[in-house]
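Presented below is the structure to which this report refers.
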Amino acid sequence: MELSAASEKIKTQFGNKILCQNEFRGEVTLSVEAGALVEVLAWAKTNLGFDYLADISAVDHMGTSPRFEVVYELYSMKDHIHLRIKTAVEEDAAEVDTASEIWPTANWHEREVWDLMGIRFRNHPDLRRILMWEGYPYHPLRKDFPLGGIPTDLPEVAFTETAPLAGGPFVTAPIPQNTQAREPRSRSSEVLP
């Protein structure tokens, strides 16, 4: 099956529950109503052969409403096609239904989104932090989390001072050269300002 045919079948099946379709560089993204998300994901797996959940991530559009988007990257092993499905999530009710009953691998992906972005997944079998420790009060990938980090009082668990991200080895340098020169792995002491 071609990607365009798959996206048309989803739009035909779910009608106005598909809010829009975007195409960019050969990739197709369908925006779905939050209430229909799990139904669309299950239908894509069962009827269109999207048998591999490559990833679940989230985007923080701080300052807009809805603030968050949850993004699902689907792949069909048989047809070798990739489909992106996303849904908008309001900040005050940052919650969507779990996809872990459709793809068991969604369990860990959803835990990561919860841990780093603070979006909950209803009916998740084990929604707990996966990278940060239990009881950590922040979600570090939100845009309102400080770039330098937040000091902690738990020296045996993490750093006791903020992590030096700005200008550090994993941050691109604000220099006039091209993207390759700004890339952290290619920098040397001669390139830095």
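The values are calculated or read from the model by the stated rules, or taken from the named source; none is laboratory data. Given the structure is predicted, the values throughout are model-derived calculations rather than measurements. Every residue, glycine among them, receives a Cβ derived from its backbone with ideal geometry; neighbour counts consider all protein chains shown.
Summary of computed values
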quantity	calculated
Residue match in the range 69-79 (condition: of a type in the set (Phe, Trp, Tyr) and surrounded by 15 or more Cβ atoms within 10 Å (Cβ to Cβ))	yes
Strands (runs of 3 or more DSSP E) fully within the range 1-84 counting 3 or more residues that are closer than 21 Å to Glu112 by Cα	52-60, 68-76
Subset tally (residues that are modelled with pLDDT of 95 or more and in contact with a Pro (Cβ under 8 Å, 6 or more places away or on another chain)) for the range 121-137	0
Selection from the range 122-142 of residues that are touching a strand residue (DSSP E or B) at 6+ places or on another chain (Cβ under 8 Å) and of a type in the set (A, V, I, L, M, F, W, C)	Leu127, Leu141
Answer residue from the range 35-59, given it is under 18 Å from Glu2 (Cβ atoms) and either free of Cβ contacts under 8 Å to residues at least 12 places away in the same chain or surrounded by fewer than 17 Cβ atoms within 10 Å (Cβ to Cβ) (or both) and is nearest to the chain's Cα centre (by Cα) among those	Tyr52
Ile150 being more than 17 Å from the chain's Cα centre (by Cα) and either in a helix (DSSP H, G or I) or modelled with pLDDT of 95 or more (or both)	no
The range 68-82 - residue that is touching a strand residue (DSSP E or B) at 6+ places or on another chain (Cβ under 7 Å) and among the hydroxyl-bearing types (Ser, Thr, Tyr) and, of those, farthest from Gly26 (Cα to Cα)	Tyr72
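Residues are listed down the side, and each one gets a yes or a no for (1) of a type in the set (A, V, I, L, M, F, W, C); (2) more than 19 Å from Met1 (Cβ to Cβ); (3) more than 15 Å from the chain's Cα centre (by Cα):
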residue: Glu23; (1), (2), (3): no, no, yes
residue: Glu27; (1), (2), (3): no, no, yes
residue: Glu33; (1), (2), (3): no, yes, yes
residue: Ser65; (1), (2), (3): no, yes, yes
residue: Ala88; (1), (2), (3): yes, yes, no
residue: Glu95; (1), (2), (3): no, yes, no
residue: Glu110; (1), (2), (3): no, yes, no
